[in-house]
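One structure is given below, encoded as structure tokens.
Please treat every number below as a calculation from the coordinates, not as lab data. Note that the structure is predicted; figures quoted are calculated from it, not measured. As a convention, Cβ positions derive from the backbone with ideal geometry for all residues, glycine included, and neighbour counts pool all protein chains shown.
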Amino acid sequence: MRLFTLTEQALKINLHTHTSQSDGKLPPAEALKVYEEAGYDAVCLTDHRMVTEAASYKGGMLILPGVEWDAQLDRGGETIHLLGIGVKEELPKTRRDIKGTQGFIDVVGEKGGLVYLCHPHWSMNRVETIAGLKGLQGAEIFNSVSRPPYNADRADSTYVLDLAASEGCLLPTIATDDTHHYDKELFGGFFYLNAHKDMPGVMEAMRRGDYHASQGPRILSADYQDGVVSVRTSPVRHITFHSNLPWTPGRCVSGEGITRGSYHVRKESGERFIRVIIEDRNGRKAWLNPFKL
């Protein structure tokens, strides 16, 4: 069974970008120019509780409309941040106008948009919190600004998303910059999407999960056949196969410049899902969307 194939026309996208319209450093058109010059194909502007227009931008990138919504939970500092992608019309700006985080997910879905959970590690999200959100398209597995010099080192959310997957909540994953400062967080996270460079094509490809998150490395293909997961990648030093089991033999394939790896799943031992993560010689990672065994 073919799980994923990266096409030569795959788009490079950042879905989490702030501008001076909320708490980002640059005006919308300048922010977009930064990403265009870095070779991105599409960017979503996600200012807080507002849909940002960029009418003065005349470049060649696809601009996705979006918004970031947040809510504070009444326990231990836990918070929820959500990206609403493909939202073309203004949403209510105050939290009291939408009935909680599930209300936001429902409203965006009704308008034809998609919702992703932001930085669950940074947000101190519990598994029950993540599993309780119905209608999510996916979650950020890496958020570039959620680490030094701006934050404690909570950029990588693999651990909590593995726990959620172990409980049956398998979410597709994206990597993002969550751009604010336009400095150290730039170009730290994105995803490669198999889609035509137009709004309907991008939204449809995101709905079907035809992408993988990355900091640079590429997952060229992934297959599951006769109990074996096989992947082809750009040159890396580690290919790891995550699941709900703490340990199994052959879980990590390592070497200099390797481009292939495989893993025999252990369904008889209770293995229920697989998430492939690769890492290059510079420590940059890429994440395949998890799949159920």
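Please work out whether the chain counts as rounded, prolate or oblate from its C-alpha gyration tensor, where a ≥ b ≥ c are the square roots of the eigenvalues and a/c under 1.5 means rounded, while otherwise a/b larger than b/c means prolate and anything else oblate? Because a/c hits 1.5 or more and a/b exceeds b/c, the chain counts as prolate.
Taking every DSSP beta bridge that has both ends in the stretch 7-214, the antiparallel portion is near 55%. Going 7 Å from the Cα of Val34 in the Cα-to-Cβ direction, what parts of the stretch 162-187 have a backbone nitrogen less than 13 Å from that spot? Inside the label zone: 177-187. Placing +1 on the Cβ of every Lys and Arg and -1 on the Cβ of every Asp and Glu, with no other charges, gives the stretch 219-292 a dipole of roughly 180 debye about its Cα centre. Just check the stretch 73-228 against the gyration tensor rule for me: Cα atoms, a ≥ b ≥ c as the square roots of the eigenvalues, rounded for a/c under 1.5, and otherwise prolate or oblate depending on whether a/b exceeds b/c. Cα axes put the stretch 73-228 in the rounded bin. Filter the trypsin sites (Lys or Arg not before Pro) in the stretch 44-91 to those in DSSP coil with at most 13 other Cβ atoms within 10 Å of their Cβ, and list the result. For trypsin sites (Lys or Arg not before Pro) across the stretch 44-91 that sit outside H, G, I, E and B with at most 13 neighbouring Cβ atoms in 10 Å, the list reads Lys58, Arg75, Lys88.
Straight-line cross-link reach from Lys111 at under 18 Å between alpha-carbon atoms covers these lysines, not counting any fewer than eight positions away in the same chain: Lys88, Lys93, Lys99, Lys134. Projected label points at His196 and Lys267, each 7 Å from Cα along the beta carbon direction, are separated by 3.7 nanometres. Taking the C-alpha atoms only, the angle from helix 28-37 to the longest principal axis of the chain is near 30 degrees. Highest mean packing comes first when the peptides 101-109, 173-181 are listed by Cβ atoms within 10 Å, giving 173-181, 101-109. Express in whole angstrom the spacing between the alpha-carbon centres of the stretch 37-93 and the stretch 125-159. Each part's Cα centre sits 16 Å from the other's.
Could you tell me what a quarter of the Cα convex hull surface of the stretch 219-292 works out to, in nm² with one decimal place?
Spelled out: convex hull of the Cα atoms, projected over all directions, averaged, 4.6 nm².
Entry note, the chain: the mean residue ellipticity at 222 nm calculated from DSSP H runs of n ≥ 4, each adding -39500 (n - 2.57), is -4000 deg cm²/dmol after division by the residues and rounding to the nearest 500.
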